[in-house]
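Bear in mind that the values in this text are calculations on the coordinates, not laboratory data. All values derive from a computational prediction rather than experimental measurement. Note: ideal-geometry Cβ built from the backbone for every residue, glycine included; neighbour counts use all protein chains shown.
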Amino acid sequence: MMPIPMDEILTELSDQAFEASRLRRIGVHTTPDQVSAEMLVELEAAGDAMRFVDADGRIAWKATPRLCDHLRDLERDAQDDLEDV
């Protein structure tokens, strides 16, 4: 199966989702592509991922500006928490 083309943010989220699913499964084996596809469906439905046509003419996915802003806010909050310690 060909990997799903995603930007760096979605690839990282997909890797984290796959690792989480791997840790909680019992006897059921899912592939990274299955986890990525399920994650993309959920993120796209929530407005956090969008499809586009990449330079090679393939359909790919990228994080929406809203998701990028949310992740930046989380990073700033984490930095602020570290400075308060």
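Some observations on this one:
- Computed magnitude of the charge dipole of the chain (debye, nearest 20; Cβ of K, R +1, Cβ of D, E -1): 580
- Counted charge near Val41, where neighbours are those whose Cβ lies closer than 14 Å (Asp, Glu -1; Lys, Arg +1): -4
- Low-density loop cleavage sites - trypsin sites (Lys or Arg not before Pro) in the chain, where at most 12 other Cβ are within 10 Å (DSSP): Arg25, Arg58
- Ranked list, fewest to most other Cβ atoms within 10 Å of each Cβ, for Asp69, Asp7: Asp69, Asp7
- Stokes-Einstein diffusion of the range 8-84 at 20 °C, 1.002 mPa s viscosity, Kirkwood radius from Cα pairs, rounded to a whole number: 152 µm²/s.
- Under 15 Å from a label point set 7 Å out along the Cα-to-Cβ vector of Cys68, the amide N atoms of the range 45-62 belong to 48-52, 61-62.
- The range 23-63: C-alpha gyration tensor shape, a/c 1.5 cut-off, then a/b vs b/c: oblate
- In the chain, the GluC sites (Glu not before Pro) that fall in loop regions by DSSP, at most 15 other Cβ within 10 Å: none
- Applied to the range 46-56, the Karplus parametrisation 6.51 cos²θ - 1.76 cosθ + 1.60 on θ = phi - 60° returns per-residue 3J(HN,Hα) values of 7, x, 9, 9, 9, 8, 8, 9, 7, 4, 8 Hz, with x for Gly and Pro.
- Here the gap between Asp84 and Asp54, fully extended at 0.36 nm per residue and compared with their Cα-Cα distance, gives a gain of 6.6 nm.
- Springs join every pair of Cα atoms under 10 Å in this Gaussian network model of the chain, and among Leu74, Leu13, Leu43 the largest mean-square fluctuation is at Leu74.
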